[in-house]
Structures are given as structure tokens and as C-alpha cells.
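Down below is the structure, laid out as C-alpha cells.
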Amino acid sequence: MSTSSDHFHPDDYKAEVTRKENVVEVNVPNSFSGQKRVDKYLTRFYPDASRTKIQRSIRKGHIAVNGEEVQKSYLIEPGDRILFRLIRKPPMEAEPEDLPLDVVYEDEDLLVVNKQPGMVVHPAPGHRSGTLVHAVLHHVDGGTVSADDSKEAGRDEDVGLSMVNALPESPDHPVVRPGIVHRLDKGTSGLLVVAKRDRAHTALADQFKAHTVDRHYRAILWGHLDPPNGRIEGAIGRDPHHRQRMAVVSEENGKWAVTHYQTIERLENTSVVDFWLETGRTHQIRVHSQYRNHPILGDPKYGGQSIRYGTQSTERRARFDQIFEILPHPALHAYRLGFTHPRTGKQLNFEVDPPSHWEEVLELIRSGVGEG
């Protein structure tokens with residue numbers, strides 16, 4: 001419930017204000033009515049910043065009133081001189097980093113890489129370094145790309161990667177993704193095409209949009225899909241109960257998705273399954289598998305790190321703990337990628353095996369570890 005101190009008269013803001021980047025100096029007018037908290041008062045001068053962010057800056061000591069440090073509860077008085085610096089995170093950027101990179105194919109227009117599980121594709125909040133983009137920029141001897149760059153600032157020749165859709169779409173979506181035509185989840189391994197030139201990026205994006213790109217994935221699932229070969233349909237949208245997950249939802253609340261599958265190997269309580277996509281939605285294979293009650297083995301977000309089929313004995317749980325240590329991410333691998341080269345028109349097809357630890361996990365399962 002609001003108090004009287006939450007309400008401001010327009011004259012309260014007829015202050016003398018000086019700005020320099022994220023620093024504001026405010027000379028409170030003598031006509032100020034008083035009894036306003038400093039954190040609430042300052043929100044008027046930072047319309048894009050939350051009060052929480054302003055309070056955090058105050059706690060860090062980035063405020064002085066009449067030359068003295070104050071707390072957020074300080075009540076503004078007529079004639080006060082406020083000097084305040086809002087803490088801002090450094091801009092999201094991608095700079096070259098010398099990281100391991102498995103390049104399967106490369107020419108002057110594009111690269112095809114075999115992404116390792118655990119590597120994030122592009123910089124975003126929470127992942128400011130160590131991404132695939134950082135590694136590729138180093139590989140092509142490219143330049144740094146910052147979220148603060150203007151749309152006209154970067155050219156593909158200067159950066160070394162395509163700048164199509166490379167910069168943030170909006171301030172609340174501060175991702176930086178030079179060269180990225182499509183994504184794989186952090187835990188998913190496998191083939192990814194990266195565009196070096198804008199012209200290549202645009203043509204490749206058109207192929208993805210037209211669903212003419214051949215993308216096949218292999219996964220280890222809990223249980224057995226019935227029938228063993230078929231399709232899974234269902235709109236995918238944000239899970240209303242877990243906002244960091246996706247789910248099969250009504251068509252009004254999601255985007256229609258179709259996943260085709262074929263069982264390759266049937267084990268006692270797990271199976272190896274190939275998937276190919278008719279659509280490309282966020283977490284599509286992971287969500288559709290979980291929707292059919294057969295989540296991907298090792299998937300922490302969609303129930304794959306719980307024993308879903310077979311006995312629940314202490315011994316068996318201990319055996320699967322061993323498997324999850326070897327496989328701390330979803331057992332999902334993009335093993336096949338095919339597309340038309342955007343410049344030559346030649347059909348390119350690539351295949352790579354799953355990571356070596358997959359075979360170790362499958363051998364444990366085939367030998368009965370975790371199945372009995």
C-alpha cells in the first residue's frame with residue numbers, strides 16, 4: 001500500500017540536473033516539499049532502472065548528499081546536493097578467446113563445427129566468456145563485438161563473422177551472436193554451421209526458415225517410445241509452472257512443433273533414438289520426449305536425472321549416480337547436418353559421432369549396470 005511519501009508533486013522534480021554517462025548530479029530546489037526517500041526520488045532520473053538497482057548502488061556507497069554518504073532511507077531536504085552513480089554492468093561483448101574448437105569444415109563463407117557438450121553458443125547474461133562465439137572469433141582471427149556497437153559499426157570483413165542479427169534486439173535482450181545462424185543447447189553436442197559472411201548468413205537462414213536443412217539428432221531416452229517409430233506433435237511454449245522451462249501447451253499459448261523419431265536400439269529400460277525436426281522450437285526434442293514420459297537420459301531440466309523405469313533399489317540408484325557423473329548433461333547429440341552451400345549451390349552433408357563418454361555410458365547400460 002502506498003504512503004503519502006510515495007506521491008510526488010511535479011515541482012519536486014524542478015531540480016538542477018547535470019548528467020555524465022551514468023552519473024547524475026541533482027540540486028534539489030528550495031521549493032521541494034521534503035519527506036521523500038532518496039532512492040524513490042532518484043527513480044525519476046533513471047526511468048529505465050529499477051528501484052532495486054538504484055538501492056544496490058546506494059548500498060555500494062555510490063551516493064553522496066551534501067558531500068556525505070547516506071542510506072536509501074535518507075529523506076531529501078530542500079537545497080540538498082545529490083551526487084549519484086548508478087552501477088551498470090559492462091556491456092555484453094564477444095572477444096576472441098583461445099578455446100578448444102573442433103572444426104569439421106571451413107571455407108571463405110562458413111564453418112561447420114562439432115560443439116562439445118557444456119559449451120554455450122553465444123554470450124548472454126550469465127555467460128560472458130567461454131562460448132562458441134569466443135572460440136570461433138579466435139579461430140578466424142576476428143575482432144571484438146560489443147552490445148553497445150551501432151548497427152552500422154561492424155562489418156563482416158572486420159569482425160571475421162557475419163553481423164546479421166549479431167547485436168541485441170532490445171536493451172532487455174543483451175545477447176551478442178556474430179555468425180550464429182542456429183543454436184544448440186548448452187548440454188547438446190554436435191554439428192553447427194557458423195556464417196563468416198553476411199551473404200552466407202542470409203541464405204543459410206532462409207534454408208532454416210524453409211525447413212530444407214537436414215538435421216538429425218541421436219538421444220538416449222528413458223524407456224521405449226510406442227510406437228518405436230513415429231512422430232510427436234504439440235505446441236511448445238513457456239511452462240506456466242516453471243518459467244525457466246518449456247512445455248507442451250495449448251496452441252494459443254505456444255508454437256506448433258513436430259518431431260519425427262526412429263528407435264535405433266532398445267535396451268531393458270532405456271533406448272537409443274534418432275530424431276529429426278519438422279520445426280525448430282526451443283528445447284523441442286527435450287520437451288517432446290518428456291511429454292511422452294520418456295525424457296532424455298541425464299537431462300536435469302526435464303526429469304532425465306531421475307530413475308523413470310525399472311526398480312528403485314538403493315544399489316540401482318547408486319549405479320545411475322555413476323552414470324550421471326559420466327553424463328552430467330542431456331544425452332542429445334546433433335550427429336547429422338546437411339544444407340546447400342549459400343554461394344556454390346553444392347549440397348554439403350556432415351556426420352559426427354557422439355562424444356566418447358556416450359559409449360562408456362551405453363556399455364554400462366548394456367552390461368546391466370543400472371538396468372537390474
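Values in this text are rule-based calculations from the coordinates and carry no lab data. Quick caveat, the model's predicted, so the values are computed rather than measured. Don't worry about glycine lacking a Cβ; one is built from the backbone with ideal geometry, like all the others, and counts go over all protein chains shown.
Look at the alpha carbon pairs under 8 Å that are at least 6 residues apart: their mean separation over the length of the stretch 4-85 gives a relative contact order of 36 percent.
Helix-only arithmetic for the chain: the sum of -39500 (n - 2.57) across DSSP H runs with n ≥ 4, divided by the residue total, places the mean residue ellipticity at 222 nm at -5500 deg cm²/dmol.
Checking every one of the trypsin sites (Lys or Arg not before Pro) in the stretch 65-138 against DSSP loop status and a limit of 13 other Cβ atoms within 10 Å picks out 88.
For residue 236, the residues whose amide H sits under 5 Å from its own are 249, 255, 256, 257, ignoring neighbours fewer than 5 places away on the same chain, with H placed 1.01 Å from N. For the pair the stretch 196-222 and the stretch 294-351, the centres of their Cα atoms are 19 angstrom apart.
Might you report the magnitude of the Cβ-based charge dipole of the chain about its Cα centre, with Lys and Arg at +1 and Asp and Glu at -1, to the nearest 20 debye? Present the calculation step by step, with values, prior to reporting the outcome.
Working: 48 positive and 53 negative charges, 241 e Å.
Dipole magnitude for the chain comes out near 1160 debye.
Taking 186, 196, 40 as the candidate residues, the one with maximal mean-square fluctuation in a Gaussian network model of the chain, Cα springs under 10 Å, is 40.
Scan the stretch 162-267 for GluC sites (Glu not before Pro) in coil per DSSP, keeping those whose Cβ has at most 16 other Cβ atoms within 10 Å, and list them by number.
Numbers: sites: 169, 233, 251, 252, 265; in loops: 169.
Passing both the DSSP loop test and the Cβ count: 169.
Between residue 158 and residue 50, what FRET efficiency follows from the Cβ-Cβ distance if R0 is 45 Å, with the result rounded to 0.05? Plugging the Cβ-Cβ distance into 1/(1 + (r/R0)^6) gives 0.80. Note on percent of Cα pairs over 33 Å apart: of the candidates (i) 24; (ii) 48; (iii) 38, the value calculated from this structure sits at (ii).
With viscosity 1.306 mPa s and temperature 10 °C, the Kirkwood radius over alpha carbon pairs of the stretch 4-85 converts through Stokes-Einstein to a diffusion coefficient of 126 µm²/s. Positive end of the dipole of the stretch 41-99 (Cβ unit charges, origin at the Cα centre): among 73, 83, 61, the Cα lying farthest that way belongs to 73.
With the crude spin-label approximation of a point 7 Å out along Cα→Cβ, what separation in nm comes out for residue 169 versus residue 71? Taking the simple label geometry, residue 169 and residue 71 are separated by 4.3 nm. The loop-placed trypsin sites (Lys or Arg not before Pro) in the stretch 276-372, going by DSSP, that have at most 12 neighbouring Cβ atoms within 10 Å of their Cβ come out as 346.
Computed on the stretch 156-251, with alpha-carbon pairs under 8 angstrom and 6+ residues apart, the relative contact order is 19 percent.
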